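These notes concern the structure reproduced below.
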Amino acid sequence: MYHPRNMPTQIARVQTMTGDVRLALVRDGAASAYLPAGLSLAEALRLRLVQLQALVDAAEPADEPVRTLVPIDGDTEVWAAGVTYKRSEEARVEESATPDIYTYVYRAERPELFFKANARRVAGPQEAVVVRADSTWDVPEPEVALVVNSSAEIVGYTIGNDVSSRSIEGENPLYLPQAKVYAGCCALGPGITPAWEVADPYALGIRMRIERDSAVYWQGETTMREFARRLEDLVSYLFREDTFPDGVILSTGTALVPDSPFTLEGGDVVEIDIDELGTLRNPVVRGNATRG
Ligand code: DO4
Ligand code: MG
């Protein structure tokens, strides 16, 4: 297991020892404080950043082990940005029957943004992510994900895994929603590092390791310094002509794409580690029927 660097306390959805689901401040698997009982994450994302910060400052102290749950509930949506790193552009050009569109969008002012998931499609820490049974080439995509409130303020950061079918997207870009959106297509977690704890999101290091048969099968690392856009610009485009009453989680794109012919298999384990955001570990299953 990786050891996350500079881990601050996170805001997390947790299950307490008595079985309640609460918002808590979590560090090393233990709740150090609780936000008000009954407050969902979706409700917290209706608050302005200063209001959320005040709630965190006033959280009720605690000290007990908890289980960290997926950091999404209610009607919060997950969206994703694409081709925001050179490596992603190169990988798409290589796989696609229509490569020019990826070069165009990498350079264009308007970013590629697409709907990725809602709460029921997302896996939390240790839960299985799915590769489609009708796909022949699949990859995990480790991404910094922005947690954005209904007022379009970035209130925190979490880790996203934008699991994708390269064979389906590569055949025809109009198949993108099928390559990207299905039950178990996304993992998020472990918790949310508050925006006020992250001095420079463009300095975050991103590492991914894929385990197969209990050995490391693929690993790589990168940093947000390779990111070709501005985070605020992605949020601004997302909120043009649209609203997110329960907030939105915006996954910002990948720079780690294993070379062909690598493909994810059922039984693999994907571990993503991002400085200051922690470690997100998920087993992989092939086909939704096998999702636990
Ligand atoms: O253009 C398709 C999706 C790209 C993507 O998901 C990424 O760059 O991370
Ligand atoms: Mg992606």
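The values are calculated or read from the model by the stated rules, or taken from the named source; none is laboratory data. This one's a predicted model, so the numbers in the text were calculated from it and none came from an experiment. In this analysis, Cβ positions are derived from the backbone assuming ideal geometry, glycine residues included, and neighbour counts consider all displayed protein chains. For the accessible areas, the whole protein counts, side chains as well, though only heavy atoms, and no ligand, DNA or RNA atoms are used. Shrake-Rupley method; radii C 1.70, N 1.55, O 1.52, S 1.80 Å.
Condition test on A228, is it touching a Lys or Arg at 6+ places or on another chain (Cβ under 6 Å), of a type outside the set (K, R), more than 20 Å from L47 (Cα to Cα) and within 16 Å of ligand 1 (Cβ to nearest atom)? Write out each step before concluding.
Numbers: touching a Lys or Arg at 6+ places or on another chain (Cβ under 6 Å): no; of a type outside the set (K, R): yes; more than 20 Å from L47 (Cα to Cα): yes; within 16 Å of ligand 1 (Cβ to nearest atom): yes.
No: the conditions fail for A228.
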(message) Against the definition (touching a Lys or Arg at 6+ places or on another chain (Cβ under 7 Å), open to solvent by 20 Å² or more (accessible area, probe 1.4 Å) and modelled with pLDDT of 95 or more), how does D57 come out, yes or no?
(response) no
(message) Restricting to the stretch 151-173, and then to whatever is among the hydrophobic types (A, V, I, L, M, F, W, C) and within 12 Å of ligand 1 (Cβ to nearest atom), can you tell me which residue is most open to solvent (accessible area, probe 1.4 Å)?
(response) I168
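Yes or no: I210 of a type in the set (V, I, T), under 21 Å from G267 (Cα atoms) and more than 16 Å from ligand 1 (Cβ to nearest atom)? Explain how you work it out, then say what you get.
Values: of a type in the set (V, I, T): yes; under 21 Å from G267 (Cα atoms): yes; more than 16 Å from ligand 1 (Cβ to nearest atom): yes.
For I210, the condition - of a type in the set (V, I, T), under 21 Å from G267 (Cα atoms) and more than 16 Å from ligand 1 (Cβ to nearest atom) - is met.
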(request) Inspect all residues belonging to the stretch 70-77 and state whether any of them is open to solvent by less than 50 Å² (accessible area, probe 1.4 Å) and within 16 Å of ligand 2 (Cβ to nearest atom). (result) no
(message) If I ask for residues that are under 20 Å from I168 (Cβ atoms) and either open to solvent by 30 Å² or more (accessible area, probe 1.4 Å) or modelled with pLDDT under 95 (or both), which ones from the stretch 120-138 would you list?
(response) R121, R132, A133, D134, T136, W137
(message) Tally up the residues in the stretch 10-24 that are open to solvent by 20 Å² or more (accessible area, probe 1.4 Å) and under 24 Å from the mean Cα position of the chain (by Cα), please.
(response) 4
(message) So V148 ticks every box in (1) surrounded by 19 or more Cβ atoms within 10 Å (Cβ to Cβ); (2) hydrophobic (A, V, I, L, M, F, W, C); (3) closer than 19 Å to I272 by Cα but one. Which box is left unticked?
(response) (3)
(request) Please specify each residue of the stretch 88-101 satisfying the condition of being buried (at least 16 other Cβ atoms within 10 Å of the Cβ) and within 24 Å of S236 (Cα to Cα). (result) S88, E89
(message) Among (1) of a type in the set (F, W, Y); (2) closer than 20 Å to S251 by Cα; (3) open to solvent by 30 Å² or more (accessible area, probe 1.4 Å), there is one condition Y104 misses while meeting the rest; what is its number?
(response) (2)
